[in-house]
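Below is one structure; the comments refer to it alone.
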Amino acid sequence: MSRDFYTSSILPYAAIIIKICRAYTNTQEDFEDYYQEVCLQIWKSRDNFREQSKWSTWVYRLSLNVCLTLLKKKKNSHQQFASDSLIQEEIEEGHQFVDESLNQLYDAIKQLSEIDRGVILLYLEEKSYQEIADIIDTNPNNIAVRIKRIKERLKKLLYGKVN
Amino acid sequence: MEKSIESIWKEGFLKKDALVAPKLNNLYNQKSKHIIDKFQRMYQINRIAIAAFALIVLPVSFISKLPYLGVLMFIAFAIIIAVSGRFMKKLKAINTGDTSYQYLNSFNEFIKDLLSVNEKLSRFLYPYIFIAIILGFWFGDIGGNIPGKEFVSKLIVDYPDMQLVLGLPLIGIFGATFIIFILALFGGIIGTWDINLVYSGVIKKLEELIGDMEELRN
């Protein structure tokens, strides 16, 4: 991957890649692995970009797909090898943001289903329902209903905990 | 007061260091380790299976009164285990401290070496196994009789004009020699096919990774 490609085509979208990878990982090591894998897949699949959507939309979709695939692989390997205590250990070692509210929000997001995590991340990044629908491959109405339900769940998780 | 999730998100990421992209300096590090670990596990399981089989074959052959077959097969398996033991040491000696690219290239060299030795060994082992099976049954003990002698006696009755050399039917010697020749000729191909059958997934993945990394370096 050339430095130019990384600087011009990936770095401007690094924020969303970081946010997505954080939502699907519990440790710094996993986060770095996921981030690197997403960047690699963007670089490797760049010729498949057909300009039918915006580059950013394509990057988001690819980031989500890579994270979901890696998560699935990780789950399978955990089912085969790891004990529950190991998984617990990973959660305890998880990355923490400076902002405590953000940490709580991320903890709540991680309790959502894998697809709902992707939907809410894109919503929080102020993507339109149409864009989210394009990325998730569904229709905007479905996304609107889904976001409403996810927000209610998150509020319950966040403030239900506080109360 | 309850903050909306949108404002938590926005304000949280305004803080310094919230969005630091990891450096891309050690790409494929984890993948390289995974692929070699996977191969090592498969290789070790394979060795244990061969060793177990060798240990079963020996007593079973004596019980079945086919001791030559058992001993000869045991020797074949022992050779395979000894050679694979040497390769296991080589595999463990691959330096994990190298960069991913060097690490994978060292592993690739190891695979090439393994395939080459396996090919040479197979040219000898397949004919050897065939001879072991023939001799094993020929000099075995079935119902108190030696099957080889029984077989020749029956052949002489059915084909009295048959030519014998050292008490063995000439046509049989030709047939066996032909099969041994074919096995020696194609043993290498069969051996490579056998290795690919077990490890093709890992080998293909390795080639893909090295290809990617070479493209990355250019």
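Each value in this text was obtained by applying a stated rule to the coordinates, not by laboratory testing. Keep in mind the model is a prediction, meaning the values are calculated, not measured. In this analysis, Cβ positions are derived from the backbone assuming ideal geometry, glycine residues included, and neighbour counts consider all displayed protein chains.
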Relative contact order (percent) for chain B, with alpha-carbon contacts under 8 angstrom and 6 or more residues of separation?
-> 23
Sort out for me the Cα centre separation of the stretch B:118-137 from the stretch B:35-92, rounded to whole Å.
-> 15
Entries in B:K10/B:K31; A:K75/A:K151; A:K73/A:K148 that, when Cα-Cα distance is taken, lie over 32 Å | B:K10/B:K31
Neighbour-count ranking [beta-carbon atoms within 10 angstrom, fewest first] of B:S7, B:S64 | B:S7, B:S64
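From the square roots a ≥ b ≥ c of the eigenvalues of the alpha-carbon gyration tensor of the protein assembly as shown, which class results: rounded (a/c under 1.5), prolate (a/b over b/c), or oblate? Don't skip to the answer; put the middle values down first.
Working: a/c = 3.30, a/b = 2.85, b/c = 1.16.
Prolate shape, in that a/c is at least 1.5 and a/b is the bigger ratio.
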Please tell me the relative contact order of the stretch A:96-163 in percent, rounded to the nearest whole number, where contacts are Cα pairs under 8 Å and at least six residues apart.
-> 33
Assertion target for A:R22, A:R46, ordered by fewest C-beta neighbours within 10 angstrom first, is A:R46, A:R22
For A:W58, B:W9, what's the fewest-to-most ordering of other Cβ within 10 Å of each Cβ?
-> A:W58, B:W9
Expected max-MSF residue from B:D141, B:D194, B:D161 in the GNM of chain B (alpha carbon, under 10 Å) is B:D161
Treating cross-link reach as a plain straight distance, find the lysines whose alpha-carbon is under 21 Å from the alpha-carbon of B:K65, omitting any fewer than eight places away in the same chain.
-> B:K149
